[in-house]
1. How much accessible area per residue does region 212-251 have, counting only protein heavy atoms and a probe of 1.4 Å, in square angstrom?
2. If you count, for each residue, the other Cβ atoms within 10 Å and average over each peptide, how do 267-275, 91-99 line up from highest to lowest?
3. At a Förster radius of 41 Å, what calculated FRET efficiency corresponds to the Cβ-Cβ distance of Asp276 and Asp123, to the nearest 0.05?
4. Label-point separation (nm) for Ser139 and Glu358, each offset 7 Å from Cα along Cα-to-Cβ?
5. What percentages, rounded to whole numbers, describe P(r) for region 170-263 computed over all alpha carbon pairs with 5 Å bin width beginning at zero?
6. Determine, from the Cβ-Cβ distance of Glu73 and Ala106 and an R0 of 35 Å, the FRET efficiency 1/(1 + (r/R0)^6), rounded to the nearest 0.05.
7. With a point put 7 Å past each Cα toward its Cβ, work out how far Thr331 is from Glu165 in nm, to one decimal.
8. Could you look at region 115-258 and say what percent of its accessible area is carbon and sulfur, using a 1.4 Å probe and all protein chains?
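The values are calculated or read from the model by the stated rules, or taken from the named source; none is laboratory data. Bear in mind that the values here come from a model prediction, so they are computed numbers and not experimental data. Neighbour counts run over all protein chains shown; Cβ positions are idealised from the backbone, glycine included. Please note that ligands, DNA and RNA were not included when accessible areas were found on the heavy atoms of the full protein model with its side chains. Shrake-Rupley method; radii C 1.70, N 1.55, O 1.52, S 1.80 Å.
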Amino acid sequence: MKHRIAVLAAVGLLVAACSGGATRQVTVDALEGGPVPPAPAPATSPSTTGTTTTTRAPTTSTAPTTTSPTTTEPPPVEWTFMAGGDVLLDRIEPAGIDPFAGLEPALSEADLALVNVEMAIADRGTPYPKTYTFRAPLSAAETIAAGGVDIGNLGNNHARDFGAEALLQTADLLAAAGVSPVGAGADDDAAFTPAVFDVEGVSVAVIGASLIIPGGFAARPGYPGVANGKDSRRLLAAVGAAAEDNDVVIVTLHWGIERDTCPQPAQQTYARQILDAGASAVIAGHPHVLQPIVFEDGKVIAYSLGNFIWHPRGGITGETGVLELDFEDSTIVGVQFHPHVLDGNGAPVPVSEGPQYERIMDIVGGNCEEHDPPPLPPTTEAPASTTTEAPSGTTAPESSTSAPPTTEAPASTTTEAPSGTTAPESSTSAPPTTSGT
């Protein structure tokens, strides 16, 4: 049940199978190495009475015994945050199919739920000159809201596919449907502004940003776009400011190398910096495959949640799931992942056995290397571009659409992220990433 009161502004890892309540304990290595201790199991029901403690004053031969007043502390607020990966409704929405119907658990069971909205939802604008541009009908915003989603991340490389006007229309439609957009806005200040929620007195801020930035997509003063996560100083400052004003900060990112099941070292470093700045969790996507989920020191990094709702996909790019974080007040006390695969419509359905289930469990549990798909064959580079901030490409991924791989995205000729950033985009120290999907 949703317990949200107000919207104030625009491991060992426990991996649970969704069918039959089967639960599997998986040990995940920490970023710095070594096993991560199991997360404590979340409480099954809220406490009905507080903890009562009684203290007595010292006694002597001349003073009577006295008893201090009994005090009762309120029970902790138990609440749940759920997240899915990349959502694309350009085909399934016109078909009249509810892509959220098969989820177990449903996102509506969480107090707050997040997905990455990987498209424009608009009836205006012109397509950006790149290989893949995505736009869904206006009704897609209501479908996302009806699926139990509270936060829609627009900090990605497709929200501005049809220009500034379509981006702003997307944000407006989501907000009107009850979904708070993050990661994009009318200017850079708006793009980095968190959505803030009150969950029974616990203040929760969610910030979105993208490290996959096609030319002209980054927001700047007076210019609509997405929050530029390659600007690490800006993002870390936003996280720190949100942490000062709120009990919990969750950061959702768009980053990484498509089809790689393991994160890059620079991503691990950047994620740790974000947590150190005050975030409780980093939840990310873009690679179109699952990557490990790490629960360490009471904080969570989900490097990629894969294709949550997409064009129909088989194999590794059709493997996904629901991430569930269980909180007591501001503390994460449990982490669960509910495995799903995409059906023939590109909608997630639960899976509890078989080769795909085993691979999902392996990858999110940290055994990612053996599942890395082989690299795609090289393609011919397109001429260099003079536009701003376009990442240099590798190859077009199989997971993007049904179209065959084509030429790379234009190479960037502009300034890199500020000195000292460890953001894993092709303009920094990390290996190149694609900007195709």
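1. Values: 1360 Å² over 40 residues.
For region 212-251, the solvent-accessible area averages 34 Å² per residue.
2. 267-275, 91-99
3. Numbers: r = 43 Å, r/R0 = 1.04.
Approximately 0.45, to the nearest 0.05.
4. 4.2
5. For region 170-263, the pair-distance distribution reads 3, 14, 21, 23, 19, 13, 6, 1, 0.
6. According to the calculation, E is roughly 0.60.
7. 5.3
8. Working: 2020 of 4080 Å².
So the carbon and sulfur contribution to the accessible surface is 49 percent.
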